[in-house]
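**Q** Shown below is the structure under consideration.
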Amino acid sequence: MQGKIVAWRWASASVIGTSHIQNDGRLQDAYAVAAFENGGIFAVVSDGAGSAKFGAYGAWLTCRFLSIRFREWVRVNPDMPSNDELADWIDELRDRISAIATRRESTPRQFAATLAAIVVTPNEAVTLHIGDSAVVGRKDTEWEVLCWPENGEYASTTYFVTDDPEPRLNITRHPRKHDAFALFSDGIGDLALSHREQIAHVRFFDPMFRPVDAASGEGRLVELSAKLATYLAGSSVCERTDDDKTLILISGS
């Protein structure tokens, strides 16, 4: 796969959790996917903290900001940003959230959101991760967890972009050997991962990816994305998790 220009296609969906519906809440997850002319692709999932008043807005800001930054970078740079440059982007995002919080007479904590992102070029894949969302990749038909969910010091807590004094940011660089990727918020975690064995569930990902792998064309697969949303909102999933659920399935050929 290294050095090869890839045509990317993906299915993606984000649905509100049943617990949020019962509490008259709103969808706290956000995501974005963008394919680049150089054969690369960027994807991000962010989950706003349920305890944060503007958590959904924080998740949206995180996805939009990084999407714009990566698109601008790829347009004029042949290489990936350095780890220091990526960390500077997160600092810039935090400054922007802080400024918005001040205008709203609030605090950055009220915009708390997690982050799981990947940018893939013909030669490299780089993940950025804060919190309990996750990224997996497929290499030689095997699924690898590229970003494992991180929980906080106490049960049902995690880390956020807005954490003070600084976020728990993990940046990892991977050789370009994967042909598919999945990103998902923590509402999918119990379905997709074995926490005991610290591995991805093959029985979850293989069937989910078959229609994406077999699809023709490039870009977002609209019909498959609609079917994915129906599945995530269905009883078989909601009986196992009442949280918001976001899932992006990316396949390249």
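The values are calculated or read from the model by the stated rules, or taken from the named source; none is laboratory data. No experiment lies behind these values; they were computed from the predicted model shown. Here the Cβ positions follow ideal geometry from the backbone for every residue, glycine too, while neighbour counts run over all protein chains shown. The accessibility values were calculated without ligands, DNA or RNA, using every heavy atom of the protein model including side chains. Shrake-Rupley method; radii C 1.70, N 1.55, O 1.52, S 1.80 Å.
**Q** Condition first: under 30 Å from THR230 (Cβ atoms), of a type in the set (Val, Ile, Thr), in a helix (DSSP H, G or I) and open to solvent by 20 Å² or more (accessible area, probe 1.4 Å). Can you find one or more residues in the stretch 8-17 that meet it? Even if it seems obvious, please write down each step before you answer.
**A** To start, the set of residues in the stretch 8-17 that are under 30 Å from THR230 (Cβ atoms) comprises 8-17.
Checking which are of a type in the set (Val, Ile, Thr) leaves us with 15-16.
Remaining after also requiring in a helix (DSSP H, G or I): none.
Checking the stretch 8-17: not a single residue is under 30 Å from THR230 (Cβ atoms), of a type in the set (Val, Ile, Thr), in a helix (DSSP H, G or I) and open to solvent by 20 Å² or more (accessible area, probe 1.4 Å).
**Q** So which residues in the stretch 225-245 are outside any loop (DSSP other than H, G, I, E, B) and not charged (D, E, K, R)? Please lay out each step first, then the result.
**A** Here is the first cut: in the stretch 225-245, the ones outside any loop (DSSP other than H, G, I, E, B) are 225-232, 235-238, 245.
Passing the criteria: SER225, ALA226, LEU228, ALA229, THR230, TYR231, LEU232, SER235, SER236, VAL237, CYS238.
**Q** Those residues that are out of contact with any Asp or Glu (no Cβ under 9 Å at 6 or more places or on another chain), part of a loop (DSSP other than H, G, I, E, B) and open to solvent by 60 Å² or more (accessible area, probe 1.4 Å), I need them from the stretch 49-78; list them, please. Before the answer, list the steps.
**A** Pass one, the stretch 49-78, residues out of contact with any Asp or Glu (no Cβ under 9 Å at 6 or more places or on another chain): 49, 51-54, 57-58, 60-64, 66-68, 70-72, 76-78.
From what is left, the residues that are part of a loop (DSSP other than H, G, I, E, B) are 49, 51-54, 77-78.
If the condition is that a residue be out of contact with any Asp or Glu (no Cβ under 9 Å at 6 or more places or on another chain), part of a loop (DSSP other than H, G, I, E, B) and open to solvent by 60 Å² or more (accessible area, probe 1.4 Å), then SER51, LYS53, PRO78 are the ones that fit.
**Q** Could you pull out the residue among ASP91, ASP47, ASP95 that is charged (D, E, K, R), under 12 Å from the mean Cα position of the chain (by Cα) and at pLDDT 95 or above?
**A** Values: ASP91 fails: under 12 Å from the mean Cα position of the chain (by Cα); ASP95 fails: under 12 Å from the mean Cα position of the chain (by Cα).
After applying the criteria, what remains is ASP47.
**Q** Can you confirm whether TYR31 is on the phi < 0 side of the Ramachandran plot, in contact with a Cys (Cβ under 7 Å, 6 or more places away or on another chain), open to solvent by 60 Å² or more (accessible area, probe 1.4 Å) and modelled with pLDDT of 95 or more? Outline the logic, then answer.
**A** Working: on the phi < 0 side of the Ramachandran plot: yes; in contact with a Cys (Cβ under 7 Å, 6 or more places away or on another chain): yes; open to solvent by 60 Å² or more (accessible area, probe 1.4 Å): yes; modelled with pLDDT of 95 or more: yes.
Yes, satisfied.
**Q** Name the pairs: first residue in the stretch 94-113 and farther than 14 Å from TRP60 by Cβ and of a type in the set (A, V, I, L, M), second residue open to solvent by 40 Å² or more (accessible area, probe 1.4 Å) and not in a helix (DSSP H, G or I), Cβ to Cβ under 6 Å, at least 6 apart or on different chains?
**A** Matching pairs, first to second residue: ALA101/THR107.
**Q** Still on this model: If PRO81 satisfies all but one of (1) in a helix (DSSP H, G or I); (2) open to solvent by less than 90 Å² (accessible area, probe 1.4 Å), what's the number of the condition it fails?
**A** Status for PRO81: all satisfied but (1).
**Q** Next up: Go through (1) within 30 Å of LYS177 (Cα to Cα); (2) within 16 Å of the chain's Cα centre (by Cα); (3) open to solvent by 10 Å² or more (accessible area, probe 1.4 Å) one by one and return the number of the condition LYS139 breaks.
**A** (2)
**Q** Specify the residue that is modelled with the lowest pLDDT; the eligible residues are those in the stretch 224-251 that are touching an Asp or Glu at 6+ places or on another chain (Cβ under 8 Å) and open to solvent by less than 10 Å² (accessible area, probe 1.4 Å). Don't jump to the end; show me each part of the working.
**A** Residues of the stretch 224-251 touching an Asp or Glu at 6+ places or on another chain (Cβ under 8 Å): 240-241, 243-246, 251.
Imposing the further condition that a residue be open to solvent by less than 10 Å² (accessible area, probe 1.4 Å) reduces the set to 244-246, 251.
Values: ASP244: 92, LYS245: 95, THR246: 97, SER251: 97.
Residue satisfying both the conditions and the ranking: ASP244.
**Q** In addition: Test ARG173 against the stated conditions and say whether it is touching a residue at least 12 places away in the same chain (Cβ under 8 Å), basic (Lys, Arg) and open to solvent by 30 Å² or more (accessible area, probe 1.4 Å).
**A** On the way: touching a residue at least 12 places away in the same chain (Cβ under 8 Å): yes; basic (Lys, Arg): yes; open to solvent by 30 Å² or more (accessible area, probe 1.4 Å): yes.
The answer is yes for ARG173.
**Q** Would you list the strands (runs of 3 or more DSSP E) that sit entirely within the stretch 98-191 and hold 2 or more residues that are under 22 Å from GLY17 (Cβ atoms), modelled with pLDDT of 95 or more and among the β-branched types (Val, Ile, Thr)?
**A** The qualifying strands (runs of 3 or more DSSP E) are 134-139.
**Q** Quickly run through the stretch 142-170 and pick out the residues that are open to solvent by 60 Å² or more (accessible area, probe 1.4 Å) and farther than 23 Å from SER82 by Cα.
**A** GLU142, GLU144, ASN151, GLU153, TYR154, ALA155, SER156, ASP164 - these are the residues of the stretch 142-170 that are open to solvent by 60 Å² or more (accessible area, probe 1.4 Å) and farther than 23 Å from SER82 by Cα.
**Q** On to the next question. If ARG210 meets every condition in (1) assigned to a helix (DSSP H, G or I); (2) in contact (Cβ under 8 Å) with a residue 12 or more places away in the chain; (3) among the basic types (Lys, Arg) apart from one, which number is that one?
**A** ARG210 satisfies all of (1) assigned to a helix (DSSP H, G or I); (2) in contact (Cβ under 8 Å) with a residue 12 or more places away in the chain; (3) among the basic types (Lys, Arg) except (2).
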